[in-house]
Amino acid sequence: MSRYGQRLKRADAAVDRVFSETERIVLLVGTESRVITAVLEKPDGESQLNGGGNIKHLSPALSVHTSDITGLLKRHEVLIGSEHYWVSQIGTDEMGRTRLTLATGDPNQPVADITKWSG
């Protein structure tokens, strides 16, 4: 492993120690339950659009070690403590870490049609 790779690995370990969740995180990959270390992001921000309007950022995400998610697919379940999520998007490997975008609800149910603007 290169010196850069060694330093990056040490930095990742430090990030995990400081920011990782205290609640147990379990990936359900097929029939396997896999406990992992990850950093949970639950955004509560709002973006202003030019000309008016807001976009609320509601999708939680996990920053995980790429090696921990081998075999993980969209719609696989994620348990964080007693809360249930499912994987809606798997990001690209960024130097050994990957971002998983999560969703709530039942991943096997179709999403309802949008019939009007929210108020």
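FYI, it's all coordinate maths here, none of it is from the lab. What you see is a predicted model; the values in this text were computed from it and never measured. Here the Cβ is made from the backbone with ideal geometry for all residues, glycine too, and neighbour counts use every protein chain on show.
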For Rg and Dmax of the Cα atoms in Å the list reads (1) 14.8, 42; (2) 16.8, 55; (3) 16.0, 49; the calculated value is entry (2)
Taking θ as phi - 60°, what are the ³J(HN,Hα) couplings along region 90-102 by the Karplus curve (6.51, -1.76, 1.60), each to the nearest whole Hz, with x for Gly and Pro?
-> 10, x, 8, 5, 10, 6, x, 10, 9, 9, 9, 8, 10
Can you give the net charge of the other residues whose Cβ lies under 10 Å from the Cβ of residue 28, counting K and R as +1 and D and E as -1?
-> -1
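Would you check the chain for Lys pairs whose C-alpha atoms are within less than 26 Å, ignoring same-chain pairs closer than 8 in sequence, and give me the count? Mind showing how you got there, number by number?
Values: 9/42; 42/56; 42/74; 56/74; 56/116.
For the chain, qualifying lysine pairs total 5.
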Roughly how tilted is helix 3-19, in degrees to the nearest 10 and between 0 and 90, from the longest Cα axis of the chain?
-> 60 degrees
With unit charges on the beta carbon (Lys/Arg positive, Asp/Glu negative), name the residue among 26, 71, 105 whose Cα is farthest towards the positive pole of the charge dipole of the chain.
-> 71
Exposure proxy ranking, count of Cβ atoms within 10 Å, fewest first, for 34, 10, 3 | 3, 10, 34
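Of the peptides 61-73, 97-109, how do they stack up when ordered by the mean number of other Cβ atoms within 10 Å, highest first? Mind showing how you got there, number by number?
Working: 61-73: 16.8, 97-109: 14.7.
Highest-to-lowest ranking by the protection proxy: 61-73, 97-109.
Could you work out the relative contact order of the chain? I mean the mean sequence separation of Cα pairs under 8 Å and 6+ apart, divided by the number of residues, in percent.
Working: 181 pairs, mean separation 23.5, N = 119.
Answer for the chain is 20 percent.
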Mean ellipticity per residue at 222 nm, deg cm²/dmol - from DSSP H runs of n ≥ 4 across the chain, formula -39500 (n - 2.57) = -5000 deg cm²/dmol
